[in-house]
Amino acid sequence: MRNRELPSSNRYPHRHLFSVAVLTGICLIMAATVFCFLPSAAADDTSSCAGEEEGTGPENQQGKSSNQEKPACGMLILEDPGEKTRYAEYEMAVGDSFSVTFIHSVNQSPVTDYFEIREDGIYGVKTVYYGFGAGVPTELEDGQTLTYGEDGSMIISGFDVKMNNLIYRVGTVSDHTLTLEDGTEISLRTLCGRSARVGFRYETQE
């Protein structure tokens with residue numbers, strides 16, 4: 001009687017079991033590696049304002065982002081300085097800037113005043129104008145510089161003046177335009193009305 005050869009898998013069962021064990025171990029290692037490199041579900045806090053909760057992701061646990069100081073937030077408030085009627089308020093952070101543009105009543109050319117938000121209030125930092133006239137700076141003070149823009153504008157910078165009472169009177173013929181940090185333009189004549197007195201102040205959030 002001839003002997004019948006068994007299939008290779010039956011002839012060497014120990015080799016088959018060893019292969020299965022090796023493959024199982026490799027799969028477990030790969031699965032563990034992939035799990036370790038999965039991104040954390042906790043997102044970092046990317047808000048530009050302070051006072052919001054910090055993220056709880058790996059970076060914060062390792063101290064990489066929890067120590068970053070965030071600018072304080074507050075509101076730029078526009079109101080009637082006499083009656084204290086509030087026209088509008090806009091969220092701004094310390095370090096943000098805004099500007100007010102109007103047509104000069106004498107030389108009929110545009111003037112833009114630039115302001116910066118700081119922890120203790122609003123500061124004037126720069127003025128851009130296109131012609132001389134009453135109320136337009138003609139002499140530089142200490143620390144100020146005069147440069148000329150490509151469009152013929154005159155730029156006086158180097159101001160560092162705290163504006164305790166920043167008030168504009170909206171024109172009856174030409175408008176006053178408020179431009180915020182993000183480029184949003186707001187017509188003060190539409191918002192407050194012609195000849196309205198508009199006071200600006202910054203109020204930090206507690």
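Some notes on this structure:
- Any hit, segment 184-195, residues being under 15 Å from Leu76 (Cβ atoms) and touching an Asp or Glu at 6+ places or on another chain (Cβ under 9 Å): yes
- Residue match in segment 140-147 (condition: under 28 Å from Pro71 (Cα atoms), surrounded by fewer than 17 Cβ atoms within 10 Å (Cβ to Cβ) and out of contact with any Leu (no Cβ under 7 Å at 6 or more places or on another chain)): yes
- Tally of residues being assigned to a strand (DSSP E or B) and farther than 11 Å from Glu181 by Cβ across segment 85-105: 8
- For segment 74-93, residues that are surrounded by 14 or more Cβ atoms within 10 Å (Cβ to Cβ) and more than 18 Å from Thr184 (Cα to Cα) total 3.
- Given (1) modelled with pLDDT under 95; (2) within 16 Å of Leu178 (Cβ to Cβ), number of the condition Gly82 does not satisfy: (2)
- Unmet requirement for Phe159, which otherwise passes all of (1) buried (at least 16 other Cβ atoms within 10 Å of the Cβ); (2) more than 25 Å from the chain's Cα centre (by Cα): (2)
- Among the residues of segment 162-206, the ones that are under 23 Å from the mean Cα position of the chain (by Cα), loosely packed, with under 13 Cβ neighbours inside 10 Å and in a loop (DSSP other than H, G, I, E, B) come to 5 in all.
The values are calculated or read from the model by the stated rules, or taken from the named source; none is laboratory data. As the structure is a computational prediction, the values presented were derived from the model and not from experiment. Note: ideal-geometry Cβ built from the backbone for every residue, glycine included; neighbour counts use all protein chains shown.
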